[in-house]
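Colleague: Sharing a structure, written as structure tokens. Questions coming.
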Amino acid sequence: MTEAQGLLQELQQIQNTALETLKAVQDETGLQAWRSANLGRNAPVMRIFSRLGEVPKEERPLVGQQANQVKQAIETAYNEYETRLHEAALQNSLARDRIDVTLPGRQPYHGRLHPSTQTLRRIYHIFAEMGFQIYLSSDVETDEYNFELLNMPAHHPARDMWDTFHTTREGVLLRTHTSPGQIRVMREYAPDPIRVILPGMCYRYEQISARSEIQFNQVEVLAVGRGITFSEFKGTLIDFARRMYGENVRTRLRPSYFPFTEPSAEMDIECFVCGGKGCNICKGSGWLEIMGCGMVHPVVLQNGGYDPAEFTGFAAGMGPERITILRHRIEDIRHFWANDIRFLEQF
Amino acid sequence: MKVPLSWLKDYVEIDIPLPQLARILTMAGLEVEEVRLVGLPFPSQEQHEFKFTGISWDPQKIIVARIDEVMPHPNADRLVLCRLNDGAEEIIVLTGAPNLYPYKGQGKLENPLKVAYAREGSQIYDGHQPGQVLTTLKRAKIRGIDSFSMVCSEKELGISDEHEGVIILDDDAPEGMPLVDYMGDAVFEISILPNMIRNACMVGIAREIAALTGKPLRKPKRTIQPVHPSIEGLATIKILDTSLNPRFVVGLARNVSPNPSPYQVQRRLRLAGMRPINSIVDSTNYVMLELGEPLHAFDYDVLVQRAGGKAPTIITRTAHPGEKLTTLDGVERSLDDFTVLVCDTAGALSIAGVMGGLESEVTEKTRNVLLEGASWNFINIRQTVASQRLNSEAAYRFARNIHPNLAKEGVQLGLERMVCWSGGEIAEGLVDAYPQPAFDPVISLSEADVQRHLGIKLTARQVADLLERLEFECRIEEDTVHAKTPPHRTDIGEGMIGQADLIEEISRLYGFDNIPASRLAVELPPQRGNPVQEMEDRLRDILVGLGLQEIITYRLTSPEREARLLALEDVPYIYLQNPISADRNVMRRSLLASMLEVMEQNIRLRERLAMFEIGPVFIPQPDQLLPAEPHHLAIAITGKAHPTSWDRSNSARLDFFDLKGIVEALLETLHIKNVRFQPLAHPYYHPGKCAQVLSGENSLGVIGELHPVIKKRYDLGTSPVIAGEFETGVLRAVMPDRHDTRTVSAFPPVLEDIAVIVDEETPAEKVLASIFSGGGKLLIEAQLFDIYRGEQIGPGKKSMAYSLTYQATDRTLTDKEASQIRERIIRRLEQDLGARIRSQ
């Protein structure tokens, strides 16, 4: 056997040993020890290089080449092994850091709008897009504005429809509806056309119970102009109902009576709880009453400063609390002003 | 109002299914709230648009039968055995009905009894249980006798609550006929609108159905011929105030005898919600339900007696001072001076249009009846109803304005019914005082009017057709209809009001459903916006973003409730004349007082509460009718400063600076400038932890920690409560419409800290002002990060450490520039406050 053959054989062995021992390496420390043993200055393969001189000149390139290949093979094995080891370490650490994502989150304290405000805003937004702006008037009103100018002189039977809180001052009361605002807005804006909504708190003399409250919000809708027809009145309210209750909601307009509108109507929507089949929310009728409405009565137009021969209009009134109650199946209207945090936090 | 279908069918043909009838009535403004079936089959489930309740009678099992003999029960005194023929076979039926006892042991009855018979397996209501509980008839042995079927009471068949005895049908009831075919019914519960009193009767509803379905209306017909002698000279009428009593009509029935009314009359009255009494009283009630005109029956002989044997004079007048009358319900009533009475020469007989008096009432002994039909001023009747707290079927109708025309029709029909069911005869003629004949307006309406209001094109002919269905007399002149109001309605006005009334009738009959929907085509009005609403909604959004819960409280409160916070005496309030309770008798003056009540209720529910409310308070103004209603914003916070969680705890409590921070953030978001917090003494708050919030010289509100004495008046736990109240109008006034932005610099800032030693009393505000005045434009931020007190700096001193940011927008600052700024700041602090700078 020549010198060269001997070295080549040795190189083969060095490679085999190195790769074999690598298999036993467990961790980073072991790997570094293996590295210095197999690739360090005194590693067997390195020593081969220093022994190249022992080989005849013409065979040196062959042995040198072979030695380089062995060194490279060991290096490659090292790199691969190192990558594998790092990957395993990363996986280990990720596994170690696993948390129980079902533990409760840390919620920051956060505020909410009162449910009535939320419903009011939906109403505002829908009407705003139809060109209706907000007009506010006061809670404490005169009998004149709350009743008389709305076509309800003293002792008018329709006054029975409202149980009124009177103040100790003669002729001053808590408004029973936002309709007095109709007269105020008309008198302020006449003879301009009008498209407004009148939100506000109203009051009724009633025993407080799960179904009735002494104060409640109302949103009145009023449009006055030259040539506003019943057809437009109907269309506008249907548009509103679709925006408020869903594109496909079925509506119906049913004749009713209010002293300040004529024709008067109630708008019903198909019960969204039972889909019109009849349930205890809609009291078996399949319909939910959502607003009283009608064409503005000529006397009211006149009292507002508009000539009924020239102007027509429509009005509608709805209760945001009632809408909220229906949408969220609230069993007791008293929740609204009781402000129990356990109720408010649900909105 | 309860409307039996069978009764309606006397006046109009009805050939549509019940749900459809309910629907067309509802869609014409006669809202059907419920349909109670009394025998008729339930409609199919698909058409379930209305609430149907009640009971259906199986036509195979529940039938008309004949009792030929009533025999004693061998083993029980309280039971009888009936030999009964149900049209197919003879059966012995056992019953305990007391109204059959009189027939016991008479042998074969000369006049067999017609009854409602339920065969084995029938479903009926249990007569012995309260309410309506369905039961199925099963075979049983009662005291040794087989029982499997039943002679029914009204309760068992769902007609009424009557269970004293079995139903005894009229003699002409055909045995063997399914009972449902003989008298199966449905009662429509219809809510009558205030302007539709004309429809508070069977003929009224039938008229609407006729108009809606195109069938003819068959008005009640009279067939009995009045006889001599005439009523003339037997009664006179004196009306003292014709505006209160426009018409008074009487008629006379002679030789009547009060009997039980025919069964079908009794059944109809019961279904309509009235109790049958006897054939005289029943006839007045029946005609009231039929025509809508309340009638009153006087015992004529009692009146003659009161008149000393002469022909009575009926006088209508208002009550004398101190006058009293005992009404039919047995109550002695003190009358108001406006109450109208029907009297005779001996005194008051009845409260006009409301309730009869006890004395002249018809009794079992009555033989001659003077029947009153009248017309009353509806406003006056309303006042009496309100004042006497007395309502009746008659008052309900008269208070809504019954047409005087019905007075005469009512009396005539009433006499007819009375004589028909009670025997006797009708005296010829009526005494009819009608000093104020009703005016039935004629309204002119053009095609253009209809189009302008409804948006649909109808010809004059079409308009007239619709109105004629409701008995308007129409005359067409080119494109205009002149419509005369029919003499049974009082709801049609004159002129433009009458036009609106007709437009309503046209739209109702044409059908709201048939009027197409369209969008507003008119010009958009001038757009004005609502700055108050917009601003307050912005406040709400900001405060919610800052973690506060919005609340809305009662605007009604009491001085005592608010005194817990306000502790002021003689505060003027808006008082209610009729409060619902003593603790809600005024309009609030403070939002905070109500908010503290809400906090109290919630204090144990959460570790932290933070809430706000925006709304009006009510301040009486001596020189004005109405109060001022300025809008306030109230905020209150208490409890933990940071949420606790399962792995972290933090016990810090909210304090003054938390609320101050919220207010600062709010005002900053609104871009309100020159905000200052100035120490203030205020009765609500801790004297050392209270500040007035100012923008320049404008006071925006007050915040502070609730005074311990006040806090003790509430149940508010251990944490301090920090609160504040602002006037939103002032916030809006100082809020700029627009604001400029600062340039965001692209050059690096220079950061450094500075510690300033000042006297303990020096307010932080002054230190900061001094730093900024020294720092000039290049100092863009100064943040306090520590306050130190201790030996190193000496007693009565504090060291305030700020981190300063210098930055230019056009260049990188040099070290030299930075140290110059620092020098200027230090000089300024030294000069202004005698401050020392702590070496670093």
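Colleague: A:MET291 fails exactly one of the following numbered conditions: (1) within 11 Å of another protein chain (Cβ to nearest Cβ); (2) buried (at least 21 other Cβ atoms within 10 Å of the Cβ). What is the number of that condition?
Modeller: All conditions are met except number (1).
Colleague: Please enumerate the residues belonging to segment B:113-149 that are surrounded by 14 or more Cβ atoms within 10 Å (Cβ to Cβ) and among the hydroxyl-bearing types (Ser, Thr, Tyr).
Modeller: Once the filter is applied, which keeps residues that are surrounded by 14 or more Cβ atoms within 10 Å (Cβ to Cβ) and among the hydroxyl-bearing types (Ser, Thr, Tyr), segment B:113-149 yields B:TYR117, B:SER122, B:TYR125, B:THR135, B:SER147, B:SER149.
Colleague: Just wondering, is there one or more residues in segment B:761-778 that are over 28 Å from B:ALA691 (Cα atoms) and crowded, with 16+ Cβ neighbours inside 10 Å?
Modeller: To start, the set of residues in segment B:761-778 that are over 28 Å from B:ALA691 (Cα atoms) comprises B:776-778.
If we keep only those that are crowded, with 16+ Cβ neighbours inside 10 Å too, we end up with B:778.
Within segment B:761-778, one or more residues are over 28 Å from B:ALA691 (Cα atoms) and crowded, with 16+ Cβ neighbours inside 10 Å.
Colleague: Within segment B:633-644, which residues are surrounded by fewer than 21 Cβ atoms within 10 Å (Cβ to Cβ) and either at the interface with chain A (Cβ under 7 Å from one of its Cβ atoms) or closer than 30 Å to B:GLU534 by Cα (or both)?
Modeller: B:PRO643
Colleague: Taking into account only those residues within segment B:222-272 that are in contact with a Leu (Cβ under 7 Å, 6 or more places away or on another chain) and β-branched (Val, Ile, Thr), which is farthest from B:SER153 (Cα to Cα)? Spell out the reasoning first.
Modeller: Step one: list which residues in segment B:222-272 are in contact with a Leu (Cβ under 7 Å, 6 or more places away or on another chain), which gives B:222, B:231, B:234-235, B:249-253, B:263, B:272.
Next, only the ones that are β-branched (Val, Ile, Thr) stay: B:231, B:249-250.
Numbers: B:ILE231: 42, B:VAL249: 40, B:VAL250: 38 Å.
If we take residues in segment B:222-272 being in contact with a Leu (Cβ under 7 Å, 6 or more places away or on another chain) and β-branched (Val, Ile, Thr), then B:ILE231 is farthest from B:SER153 (Cα to Cα).
Colleague: Oh, and also: Please count how many residues of segment B:522-546 are within 11 Å of chain A (Cβ to nearest Cβ), surrounded by 15 or more Cβ atoms within 10 Å (Cβ to Cβ) and touching a strand residue (DSSP E or B) at 6+ places or on another chain (Cβ under 8 Å).
Modeller: Count: 8.
Colleague: For the subset of segment A:233-275 comprising residues that are among the aromatic types (Phe, Trp, Tyr) and part of a helix (DSSP H, G or I), which member is farthest from the other protein chains (Cβ to nearest Cβ)?
Modeller: Restricting to residues being among the aromatic types (Phe, Trp, Tyr) and part of a helix (DSSP H, G or I), the top hit is A:TYR245.
Colleague: Here is a further query. What are the pairs with Cβ atoms under 8 angstrom where one residue, in segment B:230-244, is over 14 Å from B:ALA307 (Cα atoms) and the other, located anywhere, is modelled with pLDDT under 95 and outside any loop (DSSP other than H, G, I, E, B)? Sequence gap at least six, or different chains.
Modeller: Between residues of segment B:230-244 that are over 14 Å from B:ALA307 (Cα atoms) and residues that are modelled with pLDDT under 95 and outside any loop (DSSP other than H, G, I, E, B), the close pairs are B:LEU244/B:ASN380.
Colleague: Evaluate segment B:825-833: report whether one residue or more is among the polar types (S, T, N, Q), touching a residue at least 60 places away in the same chain (Cβ under 8 Å) and either not assigned by TED's automatic domain parsing to the domain that holds B:GLY661 or not in a helix (DSSP H, G or I) (or both). Reasoning before the result, please.
Modeller: To start, the set of residues in segment B:825-833 that are among the polar types (S, T, N, Q) comprises B:831.
If we keep only those that are touching a residue at least 60 places away in the same chain (Cβ under 8 Å) as well, we get none.
No, segment B:825-833 contains no residue that is among the polar types (S, T, N, Q), touching a residue at least 60 places away in the same chain (Cβ under 8 Å) and either not assigned by TED's automatic domain parsing to the domain that holds B:GLY661 or not in a helix (DSSP H, G or I) (or both).
Colleague: Hey, can you tell me all the residues within segment B:547-567 that are touching a residue at least 12 places away in the same chain (Cβ under 8 Å) and more than 7 Å from chain A (Cβ to nearest Cβ)?
Modeller: Scanning segment B:547-567 gives B:THR557, B:SER558, B:PRO559, B:GLU560, B:ARG561, B:GLU562, B:ARG564, B:LEU565, B:LEU566, B:ALA567.
Colleague: Tell me yes or no: at least one residue of segment A:106-122 is β-branched (Val, Ile, Thr), more than 9 Å from chain B (Cβ to nearest Cβ), farther than 30 Å from B:ASN380 by Cα and surrounded by fewer than 22 Cβ atoms within 10 Å (Cβ to Cβ).
Modeller: So in segment A:106-122, the residues β-branched (Val, Ile, Thr) come out as A:117, A:119.
Checking which are more than 9 Å from chain B (Cβ to nearest Cβ) leaves us with A:119.
Filter again for farther than 30 Å from B:ASN380 by Cα, leaving A:119.
Going one step further and asking which of them are surrounded by fewer than 22 Cβ atoms within 10 Å (Cβ to Cβ), we end up with none.
No, segment A:106-122 contains no residue that is β-branched (Val, Ile, Thr), more than 9 Å from chain B (Cβ to nearest Cβ), farther than 30 Å from B:ASN380 by Cα and surrounded by fewer than 22 Cβ atoms within 10 Å (Cβ to Cβ).
Colleague: Hey, any hits in segment B:314-323 for a residue that's touching a helix residue (DSSP H, G or I) at 6+ places or on another chain (Cβ under 6 Å), in contact (Cβ under 8 Å) with a residue 24 or more places away in the chain and not charged (D, E, K, R)?
Modeller: Taking segment B:314-323 and keeping what is touching a helix residue (DSSP H, G or I) at 6+ places or on another chain (Cβ under 6 Å), we get none.
No, every residue in segment B:314-323 fails to be touching a helix residue (DSSP H, G or I) at 6+ places or on another chain (Cβ under 6 Å), in contact (Cβ under 8 Å) with a residue 24 or more places away in the chain and not charged (D, E, K, R).
Colleague: For segment B:575-629, what are the residues that are over 28 Å from the mean Cα position of the chain (by Cα), assigned to a loop (DSSP other than H, G, I, E, B), farther than 19 Å from A:SER138 by Cβ and more than 7 Å from every other protein chain (Cβ to nearest Cβ)?
Modeller: Listed by number, the residues that qualify are B:ILE603, B:ARG604, B:GLU607.
Colleague: For residues that are of a type in the set (Phe, Trp, Tyr) and more than 7 Å from chain B (Cβ to nearest Cβ), scanning just segment A:187-232, find the one that is surrounded by the most Cβ atoms within 10 Å (Cβ to Cβ).
Modeller: A:TYR203
Colleague: Additional query: Within segment A:123-141, track down each residue that is among the hydrophobic types (A, V, I, L, M, F, W, C), at the interface with chain B (Cβ under 9 Å from one of its Cβ atoms) and closer than 15 Å to A:MET318 by Cβ.
Modeller: Restricting attention to segment A:123-141, the residues satisfying the condition of being among the hydrophobic types (A, V, I, L, M, F, W, C) are A:123, A:126-128, A:130, A:132, A:134, A:136, A:140.
Applying the additional criterion that residues be at the interface with chain B (Cβ under 9 Å from one of its Cβ atoms) yields A:130, A:134, A:136, A:140.
Across segment A:123-141, the qualifying residues are A:MET130, A:ILE134.
Colleague: For the condition over 20 Å from B:VAL721 (Cβ atoms) and in contact (Cβ under 8 Å) with a residue 24 or more places away in the chain, what is the one hit in B:ALA636, B:ALA582? Break it down stepwise before answering.
Modeller: Details: B:ALA636 fails: over 20 Å from B:VAL721 (Cβ atoms).
So the residue among B:ALA636, B:ALA582 that is over 20 Å from B:VAL721 (Cβ atoms) and in contact (Cβ under 8 Å) with a residue 24 or more places away in the chain is B:ALA582.
Colleague: What strands (runs of 3 or more DSSP E) completely inside segment B:690-764 contain at least 2 residues that are not assigned by TED's automatic domain parsing to the domain that holds B:MET535? Step through it out loud before you land on a result.
Modeller: Numbers: elements: B:698-706, B:721-727, B:750-759.
The strands (runs of 3 or more DSSP E) meeting that bar are B:750-759.
Colleague: Another question, if that's okay. Output the number of the condition that A:MET152 fails; it satisfies all remaining conditions of (1) under 30 Å from B:PHE338 (Cα atoms); (2) within 11 Å of another protein chain (Cβ to nearest Cβ); (3) without any contact (Cβ under 8 Å) to a residue 24 or more places away in the chain.
Modeller: (3)
Colleague: Sticking with this one: Within segment B:645-658, track down each residue that is touching a residue at least 60 places away in the same chain (Cβ under 8 Å) and within 14 Å of chain A (Cβ to nearest Cβ).
Modeller: Of the residues in segment B:645-658, the ones touching a residue at least 60 places away in the same chain (Cβ under 8 Å) are B:653-656, B:658.
Answer for segment B:645-658, where residues must be touching a residue at least 60 places away in the same chain (Cβ under 8 Å) and within 14 Å of chain A (Cβ to nearest Cβ): B:ARG653, B:LEU654, B:ASP658.
Colleague: Is one or more of the residues making up segment B:150-160 at pLDDT below 90, surrounded by 15 or more Cβ atoms within 10 Å (Cβ to Cβ) and either hydroxyl-bearing (Ser, Thr, Tyr) or assigned to a loop (DSSP other than H, G, I, E, B) (or both)? Before you say what the answer is, go through the steps one by one.
Modeller: First, pick out the residues of segment B:150-160 that are at pLDDT below 90: none.
Checked segment B:150-160: no residue is at pLDDT below 90, surrounded by 15 or more Cβ atoms within 10 Å (Cβ to Cβ) and either hydroxyl-bearing (Ser, Thr, Tyr) or assigned to a loop (DSSP other than H, G, I, E, B) (or both).
Colleague: Of the conditions (1) closer than 26 Å to B:MET196 by Cβ; (2) facing chain A (nearest Cβ under 7 Å), B:GLY493 clears all except one; give me its number.
Modeller: Looking at each condition in turn, B:GLY493 falls short on (2).
Colleague: OK, next. Output the number of residues of segment B:188-216 satisfying the condition of being assigned to a helix (DSSP H, G or I), touching a strand residue (DSSP E or B) at 6+ places or on another chain (Cβ under 6 Å) and either modelled with pLDDT under 95 or surrounded by fewer than 22 Cβ atoms within 10 Å (Cβ to Cβ) (or both). Reasoning before the result, please.
Modeller: Start the filter on segment B:188-216 by keeping residues that are assigned to a helix (DSSP H, G or I), which leaves B:197-199, B:202-213.
Next, from what is left, pick out any that are touching a strand residue (DSSP E or B) at 6+ places or on another chain (Cβ under 6 Å): B:205.
Add one more test, that the residue is either modelled with pLDDT under 95 or surrounded by fewer than 22 Cβ atoms within 10 Å (Cβ to Cβ) (or both), and what stays is none.
Summing the residues that are assigned to a helix (DSSP H, G or I), touching a strand residue (DSSP E or B) at 6+ places or on another chain (Cβ under 6 Å) and either modelled with pLDDT under 95 or surrounded by fewer than 22 Cβ atoms within 10 Å (Cβ to Cβ) (or both) in segment B:188-216 gives 0.
The values are calculated or read from the model by the stated rules, or taken from the named source; none is laboratory data. Keep in mind the model is a prediction, meaning the values are calculated, not measured. Reconstructed Cβ throughout: ideal geometry from the backbone, glycine too, with neighbour counts over all protein chains shown.
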